[in-house]
1. What is the diffusion coefficient of the chain in µm²/s, taking the Kirkwood radius over Cα pairs and the Stokes-Einstein relation at 4 °C with a viscosity of 1.567 mPa s?
2. Taking Cα atoms, how many degrees apart are the long axis of helix 76-88 and the longest axis of the chain, rounded to 10 and kept between 0 and 90?
3. What's the angle, to the nearest 10 degrees (0 to 90), between helix 260-275's Cα axis and the longest principal axis of the chain?
4. Rank 184, 56, 248 by mean-square fluctuation in a GNM of the chain with C-alpha springs under 10 angstrom and give only the top-ranked residue.
5. Output the Kirkwood hydrodynamic radius of the stretch 57-112, Cα pairs only, in Å rounded to one decimal.
6. Counting pairs of alpha carbon atoms under 8 Å apart in space and at least six apart in sequence, what relative contact order in percent does the chain give?
7. Rank 96, 107, 161 by mean-square fluctuation in a GNM of the chain with C-alpha springs under 10 angstrom and give only the top-ranked residue.
8. Using r as the Cβ-Cβ distance of residue 47 and residue 7, and R0 as 25 Å, what FRET efficiency do you calculate, to the nearest 0.05?
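Bear in mind these aren't lab numbers, they're just calculated from the coordinates by the rules spelled out. Small disclaimer: the values here were computed from a predicted structure and weren't measured. Don't worry about glycine lacking a Cβ; one is built from the backbone with ideal geometry, like all the others, and counts go over all protein chains shown.
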Ligand SMILES: [Zn+2]
C-alpha cells in the first residue's frame, strides 16, 4: 500500500489560493504553455485579485469557469482542504465537521460536501477499466427502515427502506446503484451494464439471479443464505458484506442518517474510497483530476 498523503504534504503543495488556482489551470489545460484561447505560445500570467490568467495577446482565462468552484465565494484553499479531508478519512466528513474545520456556515459546508460527492461519483464510474469482470459478487442491501429482507423482496417497501444493488470484482472495483425494487427489471439491466458477459457471478439464492443470469451468458453460482449457507468454496458475497457494513457504519457515525434522495451520492463517495484503497496517497490527485471532467452542478 502506498504511503499516506499527509496533511503536511498537502499544505506544502497547496499553501495558498494561487497554488490551488494554478493546479486547476493545469488540470484543465495541461501545462498551459500556450494560451487555450488564441494558441499563442508562452506562459500565462496570473491576474492579481481575480481567479484568472492572461496571455501575451490579452486573452483572459478563467480556470474555475464551469467547475464546482465557479461563483463560489469560498476560498480555493478551503475547497482543497475539504477535498483533502474527504480523501484522507475512512468514513467521510459530515457537513458539521466541514463547518467546524473551514469556519464556514452549515449551509455552505453542506453544499461543499455534496459538490465533492458529485466529483467522487464521476471518478467511481470513470475508474472502472471497462466493466467488472473475472469473479464478481452481486447482492443488494437495505438501508433504513425496519422490514426484513425477505418481506421487502416479496412485497416491496416504497416508503421506509432504500435498496442498493452492489457489484464488486474480487480484488477489484465496486459499483453500487440505488434501485427502486429487487425485481428483474431493476436488477438485471444494472448487472448487464456493469458486469462483462461471460464473467463468473456469485450471489445468494434470489430468484431473479438464478433465473436470468445463466441465460444471459454469466457463469452463475449461489449460496443459500436462507438455509444458513454463506460460503461454499469460493462462492460467497463476503466482499460485499464488508462494503455494506462499512457503508452503514460510516453513514451512522458521520451523518447519523441519509435521505433516500441523497443516498446514491454517499454510495459513490464510499465506492470512490474503496476503489482507490490501494493508493491512498494518490486519492487526492485523482479527485482533483475530476475537476476538469465534471460539469458544474447547481447547488440544491
Ligand atoms: Zn490568448
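1. 61 µm²/s
2. 30 degrees
3. Orientation of helix 260-275: about 80 degrees from the principal axis.
4. 56
5. So the Kirkwood estimate lands at 12.4 Å.
6. Reported as a whole number, the value is 23 percent.
7. Its mean-square fluctuation being the largest, the pick is 107.
8. 0.25
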